[in-house]
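Structure first, commentary second.
Each reported figure results from applying straightforward, stated rules to the coordinates on display, with no laboratory input. As the structure is a prediction and not an experimental result, all values here were calculated from the model. For neighbour counting, all protein chains shown are included, and Cβ atoms are generated from backbone atoms with ideal geometry for every residue, glycine included.
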């Protein structure tokens, strides 16, 4: 069975490393990006099976990254799970409008992320 590829987009280096380690331990191939532009480039080169996407990012915010991924015929099928500190109903609505498949707010339990990933990839 081929390992599923996950792109983690997070501008806080410590969180990016932590998420990458936790997902690698669970058998996923993980690549990281620390800004929106790098995320879009990684989607093209990596062709991930799922994207964990922060919203507050340098260069291009997560909402716009998600919109671009979902607007592209070649990438619109990739599940996008937004992980963010932005908790307002307006932010949640913007995530849905951008095309996010799930919207999870920080702080979150690792088990919730793993369950969400497994559900999105099955």
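Numbers for the structure displayed
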quantity: Residue match in the range 113-120 (condition: within 23 Å of residue 38 (Cβ to Cβ), surrounded by 11 or more Cβ atoms within 10 Å (Cβ to Cβ), in contact (Cβ under 8 Å) with a residue 60 or more places away in the chain and more than 11 Å from the chain's Cα centre (by Cα)); calculated: yes
quantity: Sole exception among (1) closer than 20 Å to residue 77 by Cβ; (2) within 12 Å of the chain's Cα centre (by Cα); (3) without any contact (Cβ under 8 Å) to a residue 24 or more places away in the chain for residue 16, by number; calculated: (1)
